[in-house]
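Below is one structure, written out as structure tokens; comments come after it.
The values are calculated or read from the model by the stated rules, or taken from the named source; none is laboratory data. Predicted model, so just to flag it, every value in this text is computed and none were measured. Here the Cβ is made from the backbone with ideal geometry for all residues, glycine too, and neighbour counts use every protein chain on show. SASA here: full protein model, heavy atoms, side chains in, ligands and nucleic acids out. Shrake-Rupley method; radii C 1.70, N 1.55, O 1.52, S 1.80 Å.
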Amino acid sequence: MSLHPHIFRFAAILLSVITLNTVFNQQANATPYPKDSVKAATGNKFVADEKMLKAWNAFAQAVKTNNIKELKAMSTGCVYCNYCLFNSDKDNQNYVDSMKKNGDLWTLKVNNELQYLPADKFLTEDFNDIFPAAVKAKLSDKSNLSFQSGEANRKTFNKFCISDHPISSNPKFFEVHIIDRSGKVGLSKIFTFTETSKGYKFCGYSITP
């Protein structure tokens, strides 16, 4: 008895699906990057007020002149940077090794502690990677900037190292997005600022598709 041709086609399709799924899982497991909790902006109309613009302009100027002392004064006690956990071969290998040892415990530590870097550490170890010459050139170019509300990501920044009273003080948040005009598929760079008694301060760096 011969098998119907449709059975062979179905078997071939099923085998292809299984193979692709296996390859995808292998690639995902090989480089299990930590998940960034910052959500992409919804695109709702947002107008930055004078205080927000002043904070961003001062921040951009300090970055362009490599004024680390000034940047520290403009930053909260810690800076949210999920990206900083895997932006070098050493960091990435450390993340992979830790996931293999105890994935659940490591994920919990990442989400609650490690992705919140002391401002000193962030500015010392990650400044040059996050602010290369190409990025510095865009910081004051309005055609490359988009101001967005950061309210959707409020929970990510409810940390005592960012605000002494993260919930009761109900601070405002805003984001500055660096827009890629190259036309290529890439990642958006997002700088988040939070309202404090001394004006807006830088509190987070994120990347989103």
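Answer with yes or no whether Phe160 is of a type in the set (Phe, Trp, Tyr), more than 21 Å from Gly77 (Cα to Cα) and open to solvent by 10 Å² or more (accessible area, probe 1.4 Å). Give the steps one after another, and end with the answer.
On the way: of a type in the set (Phe, Trp, Tyr): yes; more than 21 Å from Gly77 (Cα to Cα): no; open to solvent by 10 Å² or more (accessible area, probe 1.4 Å): yes.
The answer is no for Phe160.
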task = Answer with yes or no whether Ala12 is in a helix (DSSP H, G or I) and modelled with pLDDT under 95.
result = yes
ask   = Can you name the condition, by its number, that Val135 falls short on among (1) open to solvent by 50 Å² or more (accessible area, probe 1.4 Å); (2) under 21 Å from Tyr83 (Cα atoms)?
value = (1)
message = Being assigned to a loop (DSSP other than H, G, I, E, B) and aliphatic (A, V, I, L, M) is the requirement here; does Leu108 meet it?
response = no
key: Those strands (runs of 3 or more DSSP E) lying entirely in segment 125-209 with at least 3 residues modelled with pLDDT of 90 or more and of a type in the set (A, V, I, L, M, F, W, C)   = 173-178, 188-196
inquiry  = Pairs needed: first member in segment 130-144, within 17 Å of Leu187 (Cα to Cα); second member anywhere, basic (Lys, Arg); C-beta distance under 6 Å; at least 6 residues apart or different chains.
reply    = Lys136/Lys64; Asn144/Lys138
key: Count of segment 59-87 residues which are surrounded by 15 or more Cβ atoms within 10 Å (Cβ to Cβ), of a type in the set (Gly, Ala, Ser) and under 17 Å from Ile162 (Cα atoms)   = 2
key: Matching residues in segment 111-138 - criterion: being of a type in the set (S, T, N, Q) and farther than 19 Å from Glu70 by Cα   = Asn111, Asn112, Gln115
